[in-house]
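One structure is given below, encoded as C-alpha cells.
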Amino acid sequence: MVLEYQVMINTVQYAFFYLVFSIPLTLSYRTTKVINFAHANLITYGAYTAIFLHGVAGLNIMSLATVVAFLVTGSIAVLNNVLVFTPLQRKGSPPSIVMIASMGLWIVYKYLLYIATDIANYYTSRNFMSYGRITYLDIPRGVGPSQALVAGLAIALITVVSLYVLLERTKIGRAMRAVADNPLLAEISGIPRTLVVNLTWFVCGGIVGAGGVVWTSFSGATTPEVGDSMILQVFTVSFVGGLISLLRTGVGAVLIAAVENVGIALLNTYFGVPVSFKPFLTFTTLLAILIAFPPLGAGGGLPYRFLRRGRGSD
Amino acid sequence: MLTEKLIKVSMPAIGRVSNTMVARNTMALALVAVLVLGLAAGYGLAVATGSGRVTTATVGGSVATVTVTSAPTKKVFSIGVTLPLSGELSSIGKIWEKVVQLAFEDLNREVQAYGFNVEFRAVVLDDGTSEEKALQNVQSFAQQGIKVVIGPATSAQVKVVKSYVDSNKIVIISPSSTAPTLAIPNDFIFRTVGSDAGQAKVLATLAFQEGVRKVVVFHRNDEYGKAFADFFERYFKELGGTAIKIPYQTGLPDYASEVAALASRVQSEGADAVVLIAFDTDGANILSHAAESPVLSGVRWFISEGPHSAEELLSQAIGQFASKVRLLGTRPLFIANPLYEDLKKRMVQRFGVEPSVFCENLYDAVKLAGWAILRAGTYDGEAIRAALVEVAKTYYGPSGWTMFDPQGDKAQQDYGIWAIVPGGPKGYQFKDVGLYERGTVIFLEQPYQ
C-alpha cells in the first residue's frame with residue numbers, strides 16, 4: 001500500500017478549492033493592485049451565508065446558497081473598494097497603506113461575523129461558532145464521490161470557463177485586462193476605469209463566496225476563522241502565479257494541493273515525517289518558488305504586457 | 001469615603017437652588033459631576049485597594065439604613081474570567097459563559113445569605129482559545145488590579161500565562177487544563193480538575209479492557225495532546241499493549257489530509273483502534289472525515305474529554321460512525337453526584353442547554369474563588385492562594401470534593417465513560433455510560449448493541 005485513495009481524492013478536492021479561492025485573488029490584484037487580506041473574509045462569509053441559510057432558515061439547497069453567497073460577498077468586495085480602497089488611493093496612499101487597511105477590514109469583518117453568530121445562537125440556540133458539515137439536497141449523493149467533490153468540480157469548472165469567456169470573449173473582459181495592463185492608458189482610451197474595477201471586485205468577491213459555500217459540504221466543522229486559517233495558502237497559490245497569471249495560479253492550486261496531500265503522505269509513509277509538518281512543507285514550497293520565480297506582479301512589478309511577451313503567460 | 005463626603009455636600013445644595021430654571025440646570029450639572037466623581041472614586045477604591053476586612057454579618061442585616069447615609073458600603077470584588085468564546089473550544093466556551101453567569105449569581109446569593117455585604121463581579125474576556133490572547137487578558141486583568149482569574153481553558157494557555165501570574169502573584173484557577181506537565185507545587189496555578197495522568201490511565205484501561213492491543217494515538221501537537229499521548233502510551237504499554245503516536249498540527253481550516261495520513265498509518269501498522277486526543281472543533285472535523293474512510297470505519301475509536309458536548313458530533317454521519325466503531329470516550333466526572341444533576345437541571349431550565357464537559361469544574365472554580373477572597377480577608381494574591389487551599393478542603397460541589405493536591409490540582413478526580421447514542425432533539429446525544437473504579441471500567445449500560 002503506497003497511498004490511500006483518499007489522499008488522491010483530497011488532492012483533487014483541495015485543488016478545486018485553491019483554484020476557486022486563488023484565481024479571484026490574482027485577478028483582483030492585477031486589476032486593482034490591492035493586496036487584499038480581507039479576501040479571507042470573503043471565503044468565511046461565503047461559507048457562513050450557507051450556514052445561516054441552513055441553520056436559521058433551514059434551507060440546504062446549494063445552488064441557492066451559492067447565488068446568495070455570490071451576491072453577498074461580491075457586494076462586500078465592492079463596498080470595501082468604494083468605502084476604503086478607492087478613497088485611500090485617491091489620497092495618494094501607497095499600496096502598503098491600502099494593504100494595511102485591508103488587514104483592518106479583515107479584523108472588522110471577523111468580529112462582525114462573531115456578533116452575527118452570537119445573535120443567531122441567541123435566537124436558534126444552535127452553535128454557529130463551529131458548524132458541522134452540511135448535506136445538500138440538490139447535489140447527487142450516495143454512490144460514488146462525495147457531495148463536496150461533485151460540487152467542487154462543478155464550481156471550479158464554472159469559474160474557469162466563465163472567467164475565460166468573460167476575459168477573452170467579451171468587451172468588458174478586455175477592458176478588465178486593459179486596466180490590469182496599464183490603468184492610465186486604459187482610462188485615456190475611454191475605458192470607464194471605476195466601473196471596471198468595481199465589476200472586477202464584484203466578480204472576484206462573488207466567486208470566492210460561492211467557493212465558501214462548497215467548503216461547507218466538505219469541512220467537518222466550519223468556524224468563523226476558516227478563511228483566516230486558509231489565507232496564507234491561498235496567497236501562496238497566487239504567488240505561484242506571480243499575482244499576474246491566472247493560468248499559473250491554476251497550476252499553483254494543483255501544486256500546493258499535491259504538496260499538502262501527496263507530499264506529506266509520502267514523507268510520512270517513507271520517512272516517518274509527522275503529518276504536523278504539513279504547513280512547514282507548504283511554506284517551504286512557497287519560499288522555493290519565490291526564490292526560483294520571483295513574483296513579477298507583486299509590489300507593482302513589471303506591467304502585464306511585458307510579461308506576456310517575455311514568458312507567454314496567461 | 002470620598003463619595004460619602006461628596007454626597008453630603010451636594011444634599012443641602014439641592015435644597016437651596018431648586019427654585020429657578022438656571023439654578024436647576026446648575027444643579028443638574030452638579031449632580032452629574034458628583035455622580036461621575038463618586039463613581040470614579042468608588043471604582044478606584046474598589047479596584048485599587050480592594051482590601052479591608054469584610055466586617056461582621058450585622059452590616060448585611062441593616063443594608064437599608066446603611067445605604068441612606070453611604071451608598072457604596074457594599075464591597076465589590078472583581079474576578080477575571082478568560083473564556084474560549086471563539087477558536088477551537090468555542091462550542092463549549094459558549095456554554096461555559098452561561099455557567100459563569102449562574103455561578104456568580106449563586107455565589108453572590110450565598111455570601112449575602114451568610115451576611116457578607118459584598119458582591120463578586122465577573123470581568124469576562126474572550127481569549128479565542130489562543131495563548132497570546134490569554135496572556136493579554138491576564139495582563140489586562142492585572143492592570144485593573146484583579147488578583148484572581150478563572151481560566152484559561154487549555155494547558156498551552158496556562159503554560160504561557162504561568163510565569164506572568166507567578167511573578168505578579170495572581171491566582172489562576174483553570175477549570176479544564178489537564179496537562180500533567182503543569183502539575184507544579186507552590187505556584188499560583190490551581191486546577192479544579194485532575195491532571196491527565198489520571199485520565200490517560202482510564203482511557204488506556206478502557207481500550208485494553210475492550211480487547212484492543214495495538215492503537216494509533218492521533219493527538220493535538222500541543223501541551224495537552226502531547227502530554228496526554230505520552231501518559232497514555234506509558235499506561236497502555238504497562239498493560240501490555242502497543243501505542244503509535246501521530247501528532248497533528250492544530251488550528252488548520254480542515255483535517256482531511258491529516259485523516260487520510262492517519263488511515264494510511266492505521267492500515268500499514270495493522271492497528272485495531274484509534275485513540276483521538278482532540279478539542280471540539282478539530283475533533284468534530286476529524287471524526288466527520290473519518291466517517292467517510294472505510295479503513296477508519298473498520299477499527300475501534302476511543303476519545304479524550306475534549307470533543308465531549310460539541311454539537312457537531314451529534315450529526316447523523318458522526319452518530320452512525322460512533323455506533324459502527326463503538327466509539328467511547330472518557331471525561332473527568334463524578335458520576336451520579338446529586339449536585340451535578342441539580343446543576344444540569346438548572347442549566348436546562350435556565351438556558352436550554354445541558355452542561356458540557358468541565359462545566360461543574362468551572363462552577364466550583366468560581367465558588368472557590370469567591371470564598372477564598374473572603375477567607376483571605378485581604379485582596380492580595382498570596383493571601384488568597386493560602387485561603388484557597390483551605391477553602392477547597394471543605395468545599396463540595398457539582399464536581400465533587402474540591403480539595404487540591406500539593407501540586408494545586410484536584411486531588412480526588414473521578415472519571416466517567418461517555419458514548420454517542422441515538423435520542424434527544426438532535427437525533428443523537430452524549431450519554432455517560434460507565435465509570436472507572438479501582439483499576440477497572442464498570443459499564444452502567446451497554447451503549448452500542
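The values are calculated or read from the model by the stated rules, or taken from the named source; none is laboratory data. From a predicted model like this one, the values you see are computed outputs, not experimental measurements. Glycine also receives a Cβ, built like all others from the backbone with ideal geometry; neighbour counts cover every protein chain displayed.
Among the residues making up segment A:118-140, those that are more than 15 Å from B:GLY352 (Cα to Cα) and at the interface with chain B (Cβ under 9 Å from one of its Cβ atoms) are A:ASP118, A:MET129, A:SER130, A:TYR131, A:GLY132, A:ARG133, A:THR135.
Of the helices (runs of 4 or more DSSP H) entirely within segment A:211-314, those holding at least 1 residues that are modelled with pLDDT of 85 or more occupy A:226-240, A:246-258, A:264-271, A:278-292.
Here B:THR330 passes the criteria (1) β-branched (Val, Ile, Thr); (2) more than 7 Å from chain A (Cβ to nearest Cβ); (3) under 30 Å from A:LEU281 (Cβ atoms) except the one numbered (3). Residue check: A:PHE128 meets all listed conditions (1) assigned to a helix (DSSP H, G or I); (2) within 21 Å of B:LYS426 (Cβ to Cβ); (3) touching a residue at least 60 places away in the same chain (Cβ under 8 Å) but one, namely (1). For segment A:213-245, give me the residue count where each residue is facing chain B (nearest Cβ under 9 Å) and under 19 Å from A:ALA38 (Cα atoms). Residues in segment A:213-245 being facing chain B (nearest Cβ under 9 Å) and under 19 Å from A:ALA38 (Cα atoms): 11 in total.
Scanning segment B:190-205 for residues that are over 26 Å from A:PRO274 (Cβ atoms) and surrounded by fewer than 24 Cβ atoms within 10 Å (Cβ to Cβ) yields a total of 3. The set of residues from segment B:281-300 being surrounded by 24 or more Cβ atoms within 10 Å (Cβ to Cβ) and either touching a Gly at 6+ places or on another chain (Cβ under 6 Å) or more than 8 Å from every other protein chain (Cβ to nearest Cβ) (or both) comprises B:GLY283, B:ALA284, B:ASN285, B:SER288, B:HIS289, B:ALA290, B:LEU296. Here are B:LEU313, B:LEU328, B:LEU262: which of them is buried (at least 24 other Cβ atoms within 10 Å of the Cβ) and modelled with pLDDT of 95 or more? Answer to the check: B:LEU328. Determine whether B:GLN249 is surrounded by fewer than 20 Cβ atoms within 10 Å (Cβ to Cβ), within 12 Å of another protein chain (Cβ to nearest Cβ) and under 24 Å from A:HIS54 (Cα atoms). When the stated conditions are applied, B:GLN249 does not pass them. Inclusion of A:ILE23 among residues that are in contact (Cβ under 8 Å) with a residue 60 or more places away in the chain, closer than 18 Å to A:LEU153 by Cβ and in a helix (DSSP H, G or I) is warranted. Against the numbered list (1) free of Cβ contacts under 8 Å to residues at least 40 places away in the same chain; (2) buried (at least 21 other Cβ atoms within 10 Å of the Cβ), B:VAL389 comes up short only at (2).
Return a yes/no flag: does segment B:123-136 have any residue that is touching a helix residue (DSSP H, G or I) at 6+ places or on another chain (Cβ under 6 Å), buried (at least 24 other Cβ atoms within 10 Å of the Cβ), acidic (Asp, Glu) and part of a loop (DSSP other than H, G, I, E, B). Scanning segment B:123-136, I find at least one residue that is touching a helix residue (DSSP H, G or I) at 6+ places or on another chain (Cβ under 6 Å), buried (at least 24 other Cβ atoms within 10 Å of the Cβ), acidic (Asp, Glu) and part of a loop (DSSP other than H, G, I, E, B), so the answer is yes. Somewhere in segment B:343-355, is a residue in a strand (DSSP E or B), of a type outside the set (Gly, Ala, Ser), buried (at least 16 other Cβ atoms within 10 Å of the Cβ) and under 19 Å from the mean Cα position of the chain (by Cα)? Scanning segment B:343-355, I find no residue that is in a strand (DSSP E or B), of a type outside the set (Gly, Ala, Ser), buried (at least 16 other Cβ atoms within 10 Å of the Cβ) and under 19 Å from the mean Cα position of the chain (by Cα), so the answer is no.
Taking the options B:ALA273, B:ALA284, B:ALA243, name whichever one is among the hydrophobic types (A, V, I, L, M, F, W, C) and modelled with pLDDT under 95.
Sole residue among the options that is among the hydrophobic types (A, V, I, L, M, F, W, C) and modelled with pLDDT under 95: B:ALA284.
When you scan segment A:78-95, do you find a residue that is under 30 Å from A:VAL254 (Cβ atoms) and modelled with pLDDT under 95, even just one? Yes, some residue in segment A:78-95 is under 30 Å from A:VAL254 (Cβ atoms) and modelled with pLDDT under 95. Picking from residues in segment B:159-178 that are in contact with a helix residue (DSSP H, G or I) (Cβ under 6 Å, 6 or more places away or on another chain) and surrounded by 24 or more Cβ atoms within 10 Å (Cβ to Cβ), the one that is modelled with the lowest pLDDT is B:THR178. In the set (1) closer than 30 Å to B:GLY397 by Cβ; (2) away from chain A (no Cβ under 12 Å), B:ARG234 fails one condition alone, (1). Scanning segment B:344-387 for residues that are within 14 Å of another protein chain (Cβ to nearest Cβ) and not aliphatic (A, V, I, L, M) returns B:GLN349, B:ARG350, B:PHE351, B:GLY352, B:GLU354, B:SER356.
Contact map, segment B:265-277: first residue free of Cβ contacts under 8 Å to residues at least 60 places away in the same chain, second residue of a type in the set (Phe, Trp, Tyr), Cβ cut-off under 7 Å, separation 6 or more or different chains; pairs are B:VAL274/B:PHE218; B:VAL274/B:TRP301; B:LEU276/B:PHE218; B:LEU276/B:TRP301. Of all residues in segment B:151-170, one or more are in a helix (DSSP H, G or I), basic (Lys, Arg) and without any contact (Cβ under 8 Å) to a residue 40 or more places away in the chain.
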